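Visitor: Before I ask anything, here is the structure I am working with.
No lab work stands behind these numbers, since they all come straight from the coordinates. From a predicted model like this one, the values you see are computed outputs, not experimental measurements. Reconstructed Cβ throughout: ideal geometry from the backbone, glycine too, with neighbour counts over all protein chains shown.
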Amino acid sequence: MSPESTGQNKHNLTVYRRGFRTWRGNRPFWAGLFTMLGGAPIAYFPYADLQLGNMTLAMSTTAGAGSLIIGVLLITLGLTMWFHSIVRVFAGVAAILLALISIPVANIGGFVIGFLLSLIGGALSISWAPGEPQREEEAPRTAPLDKQQPESEYAEGALHGATVPPQQPGGHGTASGYGTSSGYDGGTHRAG
């Protein structure tokens, strides 16, 4: 093996990690994950047996089929959020409704664990919106101003608006601040 082989593996891992980050950023990833994690306990608990020493505790109820259907639908909705994110609002509303239905049907929503995870996943799916890439025109073109730089080194237009405001014309002359050249004579008419 050559010494370059480890560098190539690091490069491949970095490429895969960046690719996964890009894929994850273009869809409601966490919403789908929470929804799938919420569907698993809802579907699992009615068919699970708990061993306590020599005693077996069966959690199966008469609504086991309903629990299985709700759990499988929640997992399917989570996958839909990942791979078909255009219907994220529908999938989020359906996940919230199925989470609420799981309370009476599926052992208090998978002992509240599945209910809460599915509820959070549905809410995240509804609130997720795809990001828009920043355009080049909107990017700042100048570096931030440093106070230690002399004024001559500031970028042109960096001190725009920092000038003294213009003075009112005719600021001297009369008590009201208007001179006779301004055309305003303080409310008196010229005939009198």
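Visitor: Modelling each spin label as a point 7 Å along the Cα-to-Cβ direction, I'd like the R24/L100 distance in nm, to one decimal.
Guide: 3.2 nm
Visitor: Additional query: Can you give the Kirkwood hydrodynamic radius of segment 21-106 from its Cα pairs, in Å with one decimal? Don't skip to the end; give the middle numbers.
Guide: Numbers: mean 1/r = 0.0729 Å⁻¹.
This gives a value of 13.7 Å.
Visitor: R0 = 30 Å: FRET efficiency of N12 with V112, Cβ-based, nearest 0.05? All intermediate terms of the calculation are to be shown ahead of the outcome.
Guide: Working: r = 42 Å, r/R0 = 1.40.
About 0.10, to the nearest 0.05.
Visitor: Next question. Working out 0.36 nm times the residue gap between V89 and T56, then minus their Cα-Cα distance, what length gain in nm do you get to one decimal? Mind showing how you got there, number by number?
Guide: Values: separation 33, 0.36 × 33 = 11.88 nm, distance 4.20 nm.
7.7 nm is the gain from fully extending V89 to T56.
Visitor: Now, a different point. Expressed in nm to one decimal, what extension gain is obtained for the pair A129 and Y44 from 0.36 nm per residue of sequence separation less their Cα-Cα distance? Don't skip to the answer; put the middle values down first.
Guide: Numbers: separation 85, 0.36 × 85 = 30.60 nm, distance 3.17 nm.
That pair, A129 and Y44, stretches by 27.4 nm at full extension.
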